[in-house]
1. Quick one: which of GLY55, GLY18 is touching a Leu at 6+ places or on another chain (Cβ under 8 Å) and over 19 Å from LEU136 (Cβ atoms)?
2. In the set ARG24, ARG69, which member is part of a loop (DSSP other than H, G, I, E, B) and without any contact (Cβ under 8 Å) to a residue 60 or more places away in the chain?
3. Going by what's in this entry, would ASN87 be described as closer than 17 Å to ASP58 by Cβ and either more than 13 Å from the chain's Cα centre (by Cα) or open to solvent by 20 Å² or more (accessible area, probe 1.4 Å) (or both)?
4. If you scan segment 16-39, which residues turn out to be modelled with pLDDT of 95 or more, over 23 Å from VAL133 (Cβ atoms) and among the aliphatic types (A, V, I, L, M)?
5. Go through segment 7-21 and give me each residue that's farther than 20 Å from TYR65 by Cα and assigned to a loop (DSSP other than H, G, I, E, B).
6. Any chance segment 95-108 includes a residue that's more than 24 Å from LYS161 (Cβ to Cβ), surrounded by fewer than 22 Cβ atoms within 10 Å (Cβ to Cβ) and touching a residue at least 40 places away in the same chain (Cβ under 8 Å)?
7. For segment 27-36, check the following and say yes or no: at least one residue is among the polar types (S, T, N, Q) and either open to solvent by 50 Å² or more (accessible area, probe 1.4 Å) or not in a helix (DSSP H, G or I) (or both).
8. If ARG67 passes every condition in (1) among the basic types (Lys, Arg); (2) open to solvent by 20 Å² or more (accessible area, probe 1.4 Å); (3) within 20 Å of SER29 (Cβ to Cβ) but one, which one does it miss?
Amino acid sequence: MSGQSSNDDIYLFIMRHGEAEAPRLDDKSRQLTALGREQSALAAQWLKAHYCNNGAVDLALVSPYRRARQTHDMVSLDIIANKIENNDDIVPDGSPRLVSDYIDARVHAAVNAKKPIKSMLVVSHMPLVSYLVDELCQSYTTSLFSTASIAVIKYSLKDHKGTLVTHYQGV
């Protein structure tokens, strides 16, 4: 993984789902469009080329909404997650503090179990992804995420804080 500087740092990849069909009564079942599938595939290729040269992440947290699961399916054509968890907290109106605390607890528990997580992909929605980056980095700049964009955060286990490295905005 390029740029890894410390055994105490991990990479978090916070990704918004690809373009989805128009809103409907049941927001949870909205699907990706053809463009959304293409955006997701291109984002995965970018992530693999720049941060996941081995074609893997240790853990993927995926929203239960269909468009997020489909986005992860497209990403997994290039980047395999060693473990996948569907997480009901990473939905559009989820709590960024709760999700940040969960991520922090999850990576620390893995270290204590002698199975450290060095990279984690989170596939979710606006506005949560934007607020989550702020929460993890303690920056509060509220970055906007285009569809299938990825914020790359180097997260210090020691400091319980991340630094935004880059933000791929896709096509």
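1. Details: GLY55 fails: touching a Leu at 6+ places or on another chain (Cβ under 8 Å).
After ruling out the rest, the residue left standing is GLY18.
2. Details: ARG69 fails: part of a loop (DSSP other than H, G, I, E, B).
Sole residue among the options that is part of a loop (DSSP other than H, G, I, E, B) and without any contact (Cβ under 8 Å) to a residue 60 or more places away in the chain: ARG24.
3. Numbers: closer than 17 Å to ASP58 by Cβ: yes; either more than 13 Å from the chain's Cα centre (by Cα) or open to solvent by 20 Å² or more (accessible area, probe 1.4 Å) (or both): no.
It is false that ASN87 is closer than 17 Å to ASP58 by Cβ and either more than 13 Å from the chain's Cα centre (by Cα) or open to solvent by 20 Å² or more (accessible area, probe 1.4 Å) (or both).
4. Scanning segment 16-39 gives ALA34, LEU35.
5. Start the filter on segment 7-21 by keeping residues that are farther than 20 Å from TYR65 by Cα, which leaves 7-12.
Within segment 7-21, ASN7, ASP8 qualify.
6. No; the residues of segment 95-108 include none that is more than 24 Å from LYS161 (Cβ to Cβ), surrounded by fewer than 22 Cβ atoms within 10 Å (Cβ to Cβ) and touching a residue at least 40 places away in the same chain (Cβ under 8 Å).
7. Taking segment 27-36 first, the residues among the polar types (S, T, N, Q) are 29, 31, 33.
Narrowing further to those that are either open to solvent by 50 Å² or more (accessible area, probe 1.4 Å) or not in a helix (DSSP H, G or I) (or both): 31, 33.
The answer is yes, given that some residue of segment 27-36 is among the polar types (S, T, N, Q) and either open to solvent by 50 Å² or more (accessible area, probe 1.4 Å) or not in a helix (DSSP H, G or I) (or both).
8. With (1) among the basic types (Lys, Arg); (2) open to solvent by 20 Å² or more (accessible area, probe 1.4 Å); (3) within 20 Å of SER29 (Cβ to Cβ) applied to ARG67, the lone miss is (2).
The values are calculated or read from the model by the stated rules, or taken from the named source; none is laboratory data. Here the structure is a predicted model, which is why all the values come from computation and not from measurement. Counting neighbours? That spans all protein chains shown, and the Cβs are built from the backbone with ideal geometry, glycine included. The protein model used for the area step is the full one, side chains on, heavy atoms only, and it has no ligands, DNA or RNA in it. Shrake-Rupley method; radii C 1.70, N 1.55, O 1.52, S 1.80 Å.
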